[in-house]
Amino acid sequence: MAPRTPKRRTVQHFTHIHPLTEFNSAGDFICDGCKTYGSGKTYRCEPCNYDLHDYCATCPLTLPTFIHPKHELSLVVRKQQSTRQNERACDICNESVEGLFYRCKLCEFDVHPLCAASSAREARASPCSSLGVSARSS
Ligand SMILES: [Zn+2]
Ligand SMILES: [Zn+2]
Ligand SMILES: [Zn+2]
Ligand SMILES: [Zn+2]
């Protein structure tokens with residue numbers, strides 16, 4: 001009797017008070033986590049018009065990464081401040097970072113979550129590491 005609504009994934013993210021629901025955006029959106037553009041899948045809170053990238057909604061709180069092998073990066077949220085005393089830029093793309101980003105406090109190393117993710121992906125796609133694609137077909 002209940003309408004067959006497909007079950008959507010929801011996440012509770014520490015940057016927002018409400019649960020966020022998986023949503024396929026028709027156009028571009030601005031991620032309310034890392035404040036950069038995204039398209040396609042988002043995690044969204046409809047009443048608040050709050051969007052997070054798929055990655056921003058699900059990325060780990062700490063990230064050991066080869067980009068910065070000495071220390072683990074931690075996911076932090078920078079609140080909007082009226083006093084812009086320390087402008088920060090992503091160490092990968094050099095765009096400014098606000099909102100959600102990965103940081104190494106000791107080195108003042110900052111990267112966007114998606115920049116960290118994409119450079120990790122590129123490294124994994126290097127020819128040295130075999131992808132081990134299954135050749136089996138039944
Ligand atoms: Zn984002
Ligand atoms: Zn909300
Ligand atoms: Zn970046
Ligand atoms: Zn460091």
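The values are calculated or read from the model by the stated rules, or taken from the named source; none is laboratory data. All of these numbers come straight from a predicted model, not from anything done at the bench. For neighbour counting, all protein chains shown are included, and Cβ atoms are generated from backbone atoms with ideal geometry for every residue, glycine included.
Tell me whether the range 71-84 contains one or more residues that are touching a residue at least 12 places away in the same chain (Cβ under 8 Å) and in contact with a Gly (Cβ under 7 Å, 6 or more places away or on another chain). Checking the range 71-84: at least one residue is touching a residue at least 12 places away in the same chain (Cβ under 8 Å) and in contact with a Gly (Cβ under 7 Å, 6 or more places away or on another chain). If the condition is being within 12 Å of Pro113 (Cα to Cα) and small (Gly, Ala, Ser), then the range 23-40 contributes only Gly33. In the range 12-29, which residue that is of a type in the set (A, V, I, L, M) and at pLDDT 95 or above is farthest from Arg78 (Cα to Cα)? Once the filter is applied, the top-ranked residue is Leu20.
Residues that are more than 16 Å from ligand 4 (Cβ to nearest atom) and modelled with pLDDT of 80 or more were ranked within the range 76-86; the one that is surrounded by the fewest Cβ atoms within 10 Å (Cβ to Cβ) is Val77.
The residue of the range 23-40 that is farthest from ligand 1 (Cβ to nearest atom), among those that are crowded, with 16+ Cβ neighbours inside 10 Å and part of a strand (DSSP E or B), is Phe23. Do you know which of the residues in the range 26-68 that are within 16 Å of ligand 4 (Cβ to nearest atom) and without any contact (Cβ under 8 Å) to a residue 40 or more places away in the chain is nearest to Gly99 (Cα to Cα)? Result: Thr62.
Within the range 94-113, if we keep just the residues that are aromatic (Phe, Trp, Tyr) and out of contact with any Cys (no Cβ under 8 Å at 6 or more places or on another chain), the residue that is farthest from Tyr50 (Cα to Cα) turns out to be Phe109. Just checking, how many residues over the range 45-77 are among the β-branched types (Val, Ile, Thr) and in a loop (DSSP other than H, G, I, E, B)? Qualifying residue count for the region: 2.
Within the range 43-56, the set of residues being within 13 Å of ligand 2 (Cβ to nearest atom) and not basic (Lys, Arg) comprises Tyr43, Cys45, Glu46, Pro47, Cys48, Asn49, Tyr50, Asp51, Leu52.
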